[in-house]
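Input: a single structure, listed below in structure tokens.
The values are calculated or read from the model by the stated rules, or taken from the named source; none is laboratory data. All of these numbers come straight from a predicted model, not from anything done at the bench. A quick note on method: Cβ atoms are made from the backbone with ideal geometry, for glycine too, and the neighbour counts reach across all protein chains shown. Only protein heavy atoms, including side chains, enter the accessible area calculation; ligands, DNA and RNA are left aside. Shrake-Rupley method; radii C 1.70, N 1.55, O 1.52, S 1.80 Å.
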Amino acid sequence: MKWFSCLLSFILGGGVCLAAGFLTTEPQVAEQVIEVEDQEPGVSPMTVSPEVPSQITFCGEKIDLTRYNMYEGIDRELSSFMYFHSTTMLLFKRANRYFPVIEPILKANNIPDDFKYLAVIESHLDPSAKSPARAIGVWQFLESTGKEKGLTITTTVDERYHVEKSTEAACKYLKEAYAKYGDWVSVASSYNGGMGRISSEFSKQQVPSSLDLWLVEETMRYAYRMFAIKLIFENPYKYGFALKASDLYKPITCDEVTVSNDISDLVAFAKSHDITYADLKRFNPWLRDTKLLTNGKQYIILIPRKKDMYYQTPNRTVHDQRWIAR
């Protein structure tokens, strides 16, 4: 994905700055701002460069970021996420709804929790995401890979759009890749570049880490994008993001309807459950037609509860307290 930079202006004076639309006095942010008390009239406040840590812990492993290419790689991605505010802010809001779904599945499959950030950079946590290459869903599966990992894809059903089932399928891929590489960073790189390509380049280039491989630009940036979004999610205030609980998207409770017979008219089905067809599709994006052909399989359709479908009171559900400015 191409990232376009935009400017974040800091208002200086008395140690006070305005970051992402909120007045703050956080020392960590203020320390990054270049002192311009004596700047010439008419000169705009300075835009800060992100602080690059000397190391990061990813999937329990400490990774040194001081080598020039690694420092510059993480700096590029931090800068992109920091100054593409609208998208990065939206990631926090969606994560409040989808991380509680994704995290337990990763844990149950013995996949490190940090791989939730792979879903963030793959799809921006949009279950309906579709790439130009026709990769689909939160985990961006191609049709062939989705079917290979056990997802049902027919004329009326596409489980690549199903958050829970596609997460299970992603876990299958991640397990297979870890069995091959024994290294989670290489697993992450292979998710973008493919195991065949990564293995081939390891053989050709004779290096121990995928971070040392010369690959196409997108794949070389991939792990650094995961590192960068992890850093920002774990300390958003430091990187210029100040959110309130009410800013985050609330989880919406759903009732489950088990279906084993064909549904000829999903509009009528939605009406019979007192919701709109549009809401039926939003909460069940894996339904790909106005009808459902079960082909002998059983499906669970989510019916959102009306009381949860309105922001009549501020959201108070916060999945990770680090996201909230104090």
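Placing unit charges on each Cβ (+1 for Lys and Arg, -1 for Asp and Glu) gives region 89-232 a dipole about its Cα centre, and among 177, 163, 231 the Cα reaching farthest toward its positive end belongs to 163. Solvent exposure of the chain, expressed per residue, is 51 Å² of accessible area, with all protein chains present and a 1.4 angstrom probe.
Using the alpha-carbon atoms, what tilt in degrees (0 to 90, nearest 10) does helix 217-234 show relative to the longest principal axis of the chain? Approximately 80 degrees, to the nearest 10. Heavy-atom accessible area for residue 248, with the other protein chains in place and a 1.4 Å probe, reaches approximately 0 Å². Share of carbon and sulfur in the accessible area of region 104-200 stands at 49%, probe radius 1.4 Å. Computing Cα extents along the principal axes in Å for the structure here picks out one of (1) 73, 58, 32; (2) 78, 54, 33; (3) 80, 71, 34, namely (1).
Put a plus charge on the Cβ of each Lys and Arg, a minus charge on the Cβ of each Asp and Glu, and nothing anywhere else: the dipole of region 247-300 about its Cα centre is then about 160 debye.
Of the whole protein surface, residue 97 contributes about 70 Å² of accessible area at a 1.4 Å probe radius. Using only side-chain charges placed at the Cβ, +1 for Lys and Arg and -1 for Asp and Glu, the dipole size of the chain relative to its Cα centre rounds to 1120 debye.
Separation of region 257-326 from region 73-94 is 29 Å, based on Cα centroids. Between residue 141 and 136, the built amide H atoms are under 5 Å apart, and every one of these is 5 or more places off in sequence or on another chain. Exposed loop sites, defined as GluC sites (Glu not before Pro) outside DSSP H, G, I, E and B with at most 13 other Cβ atoms within 10 Å, are absent from the longest region of the chain, namely 38-326.
Projecting the Cα atoms of 298, 133, 85 onto the charge dipole of the chain (Cβ charges, centred on the Cα centre) puts 298 farthest toward the positive pole. Of the chymotrypsin sites (Phe, Trp or Tyr not before Pro) in region 233-326, the ones in a loop by DSSP (not H, G, I, E or B) with at most 11 other beta carbons within 10 Å are 310, 311.
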